[in-house]
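**Student:** Submitted below is the structure of interest, expressed as structure tokens.
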Amino acid sequence: MSRNVGVELDALWVRFGDFVAVRDANATITGGEFFSFLGPSGCGKTTILRTVAGFQAPGGGQVRIGGRDMAGIGPNMRPTALIFQNLALFPLMKVWENIAFSLEVKGVGKTGRRKRAEELLELIALPGAGDKLVSELSGGQRQRVAIARALCAEPDVLLLDEPLSALDLKLRQRMRAELRAIQRRVGITFIYITHDQGEALTMSDKVAVMKAGVIEQIADGRTIYNNPATPFVASFVGENNVLRGKIRAVAEGFAQVETPDGLFRGRLRTDATLQPGGDAMLFIRPEAIALGGGAENRLTATVEAEAFEGQATHLQLRAAAGQAIKMSLVNRGAVRDAHSGSCHQLVFAAEQAVVLPAGELVSE
Amino acid sequence: MGAVGGFFERNGLLLGLYLLFGVGFWILVLIVLPQLAMLDLSFRHNLPPSLVGGPDDVYTLENYRHFLVGNPGNPDRLFLFGWDTGIPFNTIDISVFFRTILAALAVTLFDLLLCYPLAYYLGQSNIGGFGRIFLLLLVIPYWVNEILRAFAFRILFGNSGILNFLLLNLGIVDQPADFIRADVALYAGLGYAYILLMIFPIYNAIESLDRNQIEAARDLGSPWWRIHWRVVIPFAKPGIVSGCTMVFMLTAGALAAPQILGGPSSLWFTQIIYQWFNTGQNWARGSAYAVVLLFACVGLVLLLMRLFKVKMGEIGK
Ligand SMILES: Nc1ncnc2c1ncn2[C@@H]1O[C@H](COP(=O)(O)OP(=O)(O)OP(=O)(O)O)[C@@H](O)[C@H]1O
Ligand SMILES: [Mg+2]
């Protein structure tokens, strides 16, 4: 069933008057891939999706679907189907009419439409709901109907605009798994938008992290997390500690950073252009910091607050020169004396610290 | 008791009483009672004041009979499929009646076709400030009263009116067109008179339609006409019905426009009613004719609502 139709954004710009909503976006989305756009509110995710769907004309550059430039092709003529942020189901049609609307457009007779709708209702695990009204469904069920309606159009590319944002946590987690399963089954390209990083990381083959209209990094979830390309990505995805300083020395993929709290060594990206003397930021994840000694990066800090969360304890610490540090300790049943006010030696490995040129962090 | 108590609790005693008596007075004294009096009058003989309440003041169907068969000695006969039934038939009144109803329906349909695109445009495009100015431009002409507007149309459509002036000078016609005699002025006037009552309910309905639904339909491959047919019109149906109802009722019951703009050969049913009340000095017959018009219009509206599957409750939305 896989048609393997990919999507390419080529130097794409979108403007609203003077406001630039998307700035020079480049992305290659392979056919059959689950591709996510991740970014804070207002960064241009919906705008990109609407441009791919054809509701928004590019102010520059190209959208190519299956290698074909989409300029001048209307939304009703593109091989895409969009699932709207608010679903936009038709309230005055029955569930099966909603699902089969694209077939009605194609002139398929009523029995054919009904049959296909029932098949799709089967797929989304809602058999027998065809004659209900949309208003009689729960949030999660509506969600699934919206997916079925989009799939019924047999798009090559399915575009999903935060389709799970309105659901509660439990349902969201279940729907994530279902969406992923559906995507594997139908084998078409999914372009998925979310500002929930957990969602993006668990579901996607690839993630594009956006900031204010700019794509900061495109990679698989593991790379985004372990090897962020910019300070924004490092601070936006997951928890991170940032230590600011100047580069002292660069050697063999590692850099030494001079900070008020001491000298630390961290990994450089392969494409790094940092030179000694340059402003840098060193990022280290809370779970990569340990108590004790031995490793090459060491600092002392005092516990300011602790939060016990079952499998882990989260600590807020402050180093001598004022640097705030977050760390997580996995609970192994041992009694720790990391209570408030106690002073500790913290260590982390250079392989787990990432050194990037200083830049903008996510604003809290 | 709970509902009544709640009503006063919500509105306070003073406001509650005012609402109760105000609305009660309005409905009962200003609407129901006079209409009942009219209904009663329509079943009575047209008696001089001295005989009212006397032994001759009895109920009769004479006024309704007159609408159907006309004066005694009326030579017109009812023909059914070319077959003379021998029953006398009030050809003039009945044909005016049906022509009025049909013309009112036509005016309503015309207004609907004219207003729907406008209301859609105003309701769906985020034209912001310009849209508001546009709505204002629609409203302002209605500050001018109905009579003045009707006479303005006479000036517009008259023999030496602006329209004829333009047509003559552009060389489109070589002698003035008689828009009044051809009833062009009448239908233009009637069509224009209640256009706002068509635009606003539809505009209100369409404005509350989620734009994403239109886009979703488009995204699923729908051409524009199907989007209207399957998404916009069903959603706007209550607005369309309430607009059509008001325009139809008011057009069928209009008096000023037919009086002022009607051609010499065209009569509106309201004009006949008016004649019975006024020059005919026969209020009883006028009432009967008015009641016939009222029930015909209400019946037709209810029939059409059933045909288009609209419930009464939806219209109030
Ligand atoms: N039609 C429009 N006219 C003007 N500005 C717009 C329009 N649509 C979006 N914008 C602006 O473009 C920017 C990006 O909007 P967009 O809807 O793409 O954000 P988003 O990333 O989807 O945010 P969210 O997560 O809140 O949905 C925003 O600053 C927004 O104000
Ligand atoms: Mg959005």
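**Student:** In this structure, is B:Thr60 surrounded by 10 or more Cβ atoms within 10 Å (Cβ to Cβ), touching a strand residue (DSSP E or B) at 6+ places or on another chain (Cβ under 7 Å) and either of a type in the set (A, V, I, L, M) or modelled with pLDDT under 85 (or both)? If you could, list the steps in order and put the result at the bottom.
**Tutor:** Working: surrounded by 10 or more Cβ atoms within 10 Å (Cβ to Cβ): yes; touching a strand residue (DSSP E or B) at 6+ places or on another chain (Cβ under 7 Å): yes; either of a type in the set (A, V, I, L, M) or modelled with pLDDT under 85 (or both): no.
Considered against the rule, which asks whether it is surrounded by 10 or more Cβ atoms within 10 Å (Cβ to Cβ), touching a strand residue (DSSP E or B) at 6+ places or on another chain (Cβ under 7 Å) and either of a type in the set (A, V, I, L, M) or modelled with pLDDT under 85 (or both), B:Thr60 comes out as no.
**Student:** Quick check: anything in the range B:183-202 within 11 Å of chain A (Cβ to nearest Cβ) and touching a residue at least 12 places away in the same chain (Cβ under 8 Å)? Let's see the steps before the verdict.
**Tutor:** Initially, the range B:183-202 is screened for residues within 11 Å of chain A (Cβ to nearest Cβ), giving none.
So far as the range B:183-202 goes, no, none of its residues is within 11 Å of chain A (Cβ to nearest Cβ) and touching a residue at least 12 places away in the same chain (Cβ under 8 Å).
**Student:** All but one of (1) of a type outside the set (Ser, Thr, Tyr); (2) more than 25 Å from the chain's Cα centre (by Cα); (3) crowded, with 17+ Cβ neighbours inside 10 Å hold for B:Gly191; which doesn't?
**Tutor:** The one condition B:Gly191 does not meet is (2).
**Student:** Just one of B:Ile206, B:Ile273, B:Ile240 is in contact (Cβ under 8 Å) with a residue 12 or more places away in the chain and within 25 Å of A:Ile83 (Cβ to Cβ); which is it? Reasoning before the result, please.
**Tutor:** Details: B:Ile273 fails: within 25 Å of A:Ile83 (Cβ to Cβ); B:Ile240 fails: within 25 Å of A:Ile83 (Cβ to Cβ).
On inspection, the qualifying residue turns out to be B:Ile206.
**Student:** From the set of residues in the range A:157-189 that are touching a residue at least 40 places away in the same chain (Cβ under 8 Å) and within 15 Å of the chain's Cα centre (by Cα), which is nearest to A:Thr30 (Cα to Cα)?
**Tutor:** Selected residue: A:Leu159.
**Student:** Could you pull out every one of the strands (runs of 3 or more DSSP E) wholly within the range A:274-364 that has 3 or more residues that are more than 26 Å from A:Thr223 (Cα to Cα)? If you could, list the steps in order and put the result at the bottom.
**Tutor:** Values: elements: A:279-284, A:297-308, A:312-319, A:324-330, A:343-348, A:353-357.
Once the strands (runs of 3 or more DSSP E) in the range A:274-364 are filtered for at least 3 residues that are more than 26 Å from A:Thr223 (Cα to Cα), what remains is A:297-308, A:312-319, A:343-348.
**Student:** Determine which member of the set B:Leu33, B:Leu41, B:Leu28 is within 21 Å of B:Val292 (Cβ to Cβ), open to solvent by 60 Å² or more (accessible area, probe 1.4 Å) and outside any strand (DSSP E or B). Steps first, answer last, please.
**Tutor:** Numbers: B:Leu41 fails: open to solvent by 60 Å² or more (accessible area, probe 1.4 Å); B:Leu28 fails: within 21 Å of B:Val292 (Cβ to Cβ).
Within the list B:Leu33, B:Leu41, B:Leu28, the selection yields B:Leu33.
**Student:** Could you grab me the full set of residues in the range A:77-97 that are within 26 Å of A:Gly42 (Cα to Cα) and open to solvent by less than 50 Å² (accessible area, probe 1.4 Å)? Reasoning before the result, please.
**Tutor:** Initial filter on the range A:77-97 (within 26 Å of A:Gly42 (Cα to Cα)): A:78, A:80-89.
Correct list: A:Arg78, A:Thr80, A:Ala81, A:Leu82, A:Ile83, A:Phe84, A:Leu87, A:Ala88, A:Leu89.
**Student:** Take the residues of the range A:47-68 that are of a type in the set (S, T, N, Q), crowded, with 17+ Cβ neighbours inside 10 Å and away from every other protein chain (no Cβ under 11 Å): which is farthest from A:Glu8 (Cα to Cα)?
**Tutor:** Out of the qualifying residues, it is A:Thr47.
**Student:** When you go through B:Asp56, B:Asp84, B:Asp93 one by one, which is the residue that is within 22 Å of B:Phe277 (Cβ to Cβ) and not in a helix (DSSP H, G or I)? Can you show your working first?
**Tutor:** Values: B:Asp84 fails: within 22 Å of B:Phe277 (Cβ to Cβ); B:Asp93 fails: not in a helix (DSSP H, G or I).
Just a single option satisfies the conditions, and that option is B:Asp56.
**Student:** So, restricting to helices (runs of 4 or more DSSP H) that lie completely within the range B:164-220, which ones have at least 2 residues that are over 30 Å from A:Leu49 (Cβ atoms) and of a type outside the set (Lys, Arg)?
**Tutor:** Working: elements: B:184-193, B:195-207, B:211-219.
Where helices (runs of 4 or more DSSP H) fall fully within the range B:164-220 and carry at least 2 residues being over 30 Å from A:Leu49 (Cβ atoms) and of a type outside the set (Lys, Arg), they are B:184-193, B:195-207.
Results for (1) more than 14 Å from chain B (Cβ to nearest Cβ); (2) farther than 19 Å from A:Ala150 by Cβ; (3) hydrophobic (A, V, I, L, M, F, W, C), shown as yes or no for each residue.
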| site | (1), (2), (3) |
| --- | --- |
| A:Ser36 | yes, no, no |
| A:Gly39 | yes, yes, no |
| A:Ile73 | no, no, yes |
| A:Leu103 | no, no, yes |
| A:Gly109 | yes, yes, no |
| A:Arg113 | no, no, no |
| A:Glu119 | yes, no, no |
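Results for (1) on the phi < 0 side of the Ramachandran plot; (2) in the same structural domain as A:Leu167 (by TED's automatic domain parsing); (3) away from ligand 2 (no atom under 16 Å from the Cβ), shown as yes or no for each residue.
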{"position": "A:Thr28", "(1), (2), (3)": "yes, yes, yes"}
{"position": "A:Lys45", "(1), (2), (3)": "yes, yes, no"}
{"position": "A:Val52", "(1), (2), (3)": "yes, yes, no"}
{"position": "A:Gly61", "(1), (2), (3)": "no, yes, yes"}
{"position": "A:Asp69", "(1), (2), (3)": "yes, yes, yes"}
{"position": "A:Ala81", "(1), (2), (3)": "yes, yes, yes"}
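**Student:** In this structure, is B:Arg230 in a helix (DSSP H, G or I), of a type in the set (Lys, Arg) and either within 14 Å of chain A (Cβ to nearest Cβ) or farther than 28 Å from A:Ser102 by Cα (or both)? Before you say what the answer is, go through the steps one by one.
**Tutor:** Numbers: in a helix (DSSP H, G or I): yes; of a type in the set (Lys, Arg): yes; either within 14 Å of chain A (Cβ to nearest Cβ) or farther than 28 Å from A:Ser102 by Cα (or both): yes.
Spelling it out, B:Arg230 is indeed in a helix (DSSP H, G or I), of a type in the set (Lys, Arg) and either within 14 Å of chain A (Cβ to nearest Cβ) or farther than 28 Å from A:Ser102 by Cα (or both).
**Student:** Answer yes if at least one residue in the range B:122-139 is basic (Lys, Arg) and at pLDDT 85 or above, and no otherwise.
**Tutor:** Within the range B:122-139, the first condition is being basic (Lys, Arg), and the residues that meet it are B:132.
After this cut, where a residue has to be at pLDDT 85 or above as well, the list is none.
No; the residues of the range B:122-139 include none that is basic (Lys, Arg) and at pLDDT 85 or above.
**Student:** Residue by residue through the range A:76-91, note down the ones that are more than 7 Å from chain B (Cβ to nearest Cβ) and either closer than 19 Å to A:Leu167 by Cα or in a loop (DSSP other than H, G, I, E, B) (or both).
**Tutor:** Passing the criteria: A:Arg78, A:Pro79, A:Ile83, A:Gln85, A:Leu87, A:Leu89, A:Pro91.
**Student:** Sort through A:Ala27, A:Ala71, A:Ala100 and tell me the only one that's of a type outside the set (Ser, Thr, Tyr) and either within 13 Å of ligand 1 (Cβ to nearest atom) or open to solvent by 20 Å² or more (accessible area, probe 1.4 Å) (or both).
**Tutor:** Step by step, each of A:Ala27, A:Ala71, A:Ala100 is checked, and only A:Ala71 is of a type outside the set (Ser, Thr, Tyr) and either within 13 Å of ligand 1 (Cβ to nearest atom) or open to solvent by 20 Å² or more (accessible area, probe 1.4 Å) (or both).
**Student:** Go through the range A:144-172 and count every residue that is more than 14 Å from every other protein chain (Cβ to nearest Cβ) and either touching a helix residue (DSSP H, G or I) at 6+ places or on another chain (Cβ under 9 Å) or within 16 Å of ligand 2 (Cβ to nearest atom) (or both). It would help to see each step written out before you state the result.
**Tutor:** Pass one, the range A:144-172, residues more than 14 Å from every other protein chain (Cβ to nearest Cβ): A:144, A:164-165, A:167-172.
Filter once more, keeping what is either touching a helix residue (DSSP H, G or I) at 6+ places or on another chain (Cβ under 9 Å) or within 16 Å of ligand 2 (Cβ to nearest atom) (or both): A:144, A:164-165, A:167-168, A:171-172.
Going through the range A:144-172 one residue at a time, the tally reaches 7.
Table: residues versus (1) open to solvent by less than 70 Å² (accessible area, probe 1.4 Å); (2) at pLDDT 90 or above; (3) more than 29 Å from the chain's Cα centre (by Cα).
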position	(1), (2), (3)
B:His66	yes, no, no
B:Gly73	no, no, yes
B:Asp76	yes, no, yes
B:Leu80	no, no, yes
B:Asp84	no, no, yes
B:Phe89	yes, no, no
B:Phe98	no, yes, no
B:Leu105	yes, yes, no
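The values are calculated or read from the model by the stated rules, or taken from the named source; none is laboratory data. None of these values were measured; they are calculated from a predicted model. Positions of Cβ are backbone-derived with ideal geometry, glycine not excepted, and every protein chain shown enters the neighbour counts. Note: accessible area is taken over every heavy atom of the protein model, side chains too, but ligands, DNA and RNA are not part of it. Shrake-Rupley method; radii C 1.70, N 1.55, O 1.52, S 1.80 Å.
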